[in-house]
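First the structure, in the form of structure tokens, and then the observations on it.
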Amino acid sequence: MGANRLEAVEEERPSGREAEWESAGEFGRRAMQCGENLSRLLGYFNCSAPCEVTWSHATNSWARLEKALSPETPVMFLEADVSWGSSGPLKEVPIMAHPPSRTSDLTFEAFIKRVVQHNAQRGARRVGIKLDFKDARCIEPCLSRLRAWAGDRESVGFPVWVNADVWSGPGAHPPRISPAEFFGACFEIYPAATLSPGWTVWLRFESAGDAAARLLDPSVLQVLP
């Protein structure tokens with residue numbers, strides 16, 4: 001989504017639909033798992049079309065997180081990458097970083113705590129999150145923290161999407177996260193999340209002509225075994 005689209009969206013939107021999201025119950029969980037919750041998602045943000053939802057991408061540092069949550073921005077959804085690495089004195093923990101980076105000033109624990117606190121503020125522009133898991137070691141502990149924050153409720157009270165590349169796409173190496181471990185953990189630990197699985201893709205071209213020729217070749221779209 002381009003910067004112009006982001007700037008064109010109004011900063012503040014009326015609230016009042018949060019309770020519907022929080023009390024979705026069993027039907028809501030299944031709808032979220034199947035990706036059938038789009039209308040409720042739009043209602044949560046008071047949008048009429050998906051293109052109106054504004055995003056902060058690669059929200060992988062304290063600076064980018066605070067900028068996205070500031071009153072001066074119209075951001076509704078925070079996309080962030082979850083890797084395994086170090087943050088200051090903390091070693092071997094889930095951090096917000098995109099490979100190959102293995103360090104960050106923002107751990108997942110700090111990230112989710114800050115978002116929960118922000119959404120709990122009276123009058124704050126509430127946001128949802130999309131977690132892009134880059135390492136299988138992050139999935140269980142991060143989903144468990146979401147489950148802990150939810151407590152006795154079905155969910156943490158705001159939209160949570162979870163993504164991982166679990167299938168092999170065109171020209172790609174086998175995924176580092178298997179479908180079984182990703183889906184199994186999501187269903188077992190935090191079933192309220194909207195699943196957003198993806199494919200590993202890697203196409204390297206020598207020139208513009210090479211790109212055109214290869215992209216017109218049907219075999220380039222074949223999934224590797």
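The values are calculated or read from the model by the stated rules, or taken from the named source; none is laboratory data. As the structure is a computational prediction, the values presented were derived from the model and not from experiment. Please note: Cβ atoms are built from the backbone with ideal geometry, for glycine as well, and neighbour counts cover all protein chains shown.
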Residue check, T200 under 28 Å from C47 (Cα atoms), at pLDDT below 90, buried (at least 18 other Cβ atoms within 10 Å of the Cβ) and among the β-branched types (V, I, T): no
Do we have any residue at all in the stretch 64-79 that's modelled with pLDDT of 95 or more and within 21 Å of R137 (Cβ to Cβ)? yes
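Quick test for you: out of R122, R126, pick the one residue that is at pLDDT below 95 and over 17 Å from the mean Cα position of the chain (by Cα). First the steps, then the outcome.
Values: R126 fails: over 17 Å from the mean Cα position of the chain (by Cα).
Result: R122 is the single residue among R122, R126 that is at pLDDT below 95 and over 17 Å from the mean Cα position of the chain (by Cα).
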When residues of the stretch 94-133 are limited to those that are over 25 Å from P50 (Cβ atoms) and touching a Pro at 6+ places or on another chain (Cβ under 8 Å), the one surrounded by the most Cβ atoms within 10 Å (Cβ to Cβ): P94
Given the conditions (1) of a type outside the set (K, R); (2) surrounded by fewer than 16 Cβ atoms within 10 Å (Cβ to Cβ); (3) closer than 29 Å to R125 by Cβ, and given that G88 satisfies all but one, which numbered condition is not satisfied? (3)
Which residue pairs have Cβ atoms closer than 7 Å, lie 6 or more positions apart in sequence or on different chains, and pair a first residue in the stretch 175-189 that is within 17 Å of L146 (Cα to Cα) with a second residue that is surrounded by fewer than 17 Cβ atoms within 10 Å (Cβ to Cβ) and charged (D, E, K, R)? A185/E140; I189/E140; I189/R147
Select from the stretch 135-156 the residues that are surrounded by fewer than 20 Cβ atoms within 10 Å (Cβ to Cβ) and either of a type outside the set (D, E, K, R) or closer than 16 Å to P197 by Cβ (or both) and write down the one among them that is farthest from the chain's Cα centre (by Cα). G151
Return a yes/no flag: does the stretch 5-25 have any residue that is within 19 Å of the chain's Cα centre (by Cα), at pLDDT below 95 and assigned to a loop (DSSP other than H, G, I, E, B). no
Counted residues in the stretch 58-85 being part of a loop (DSSP other than H, G, I, E, B), exposed (fewer than 15 other Cβ atoms within 10 Å of the Cβ) and of a type outside the set (G, A, S) come to 2
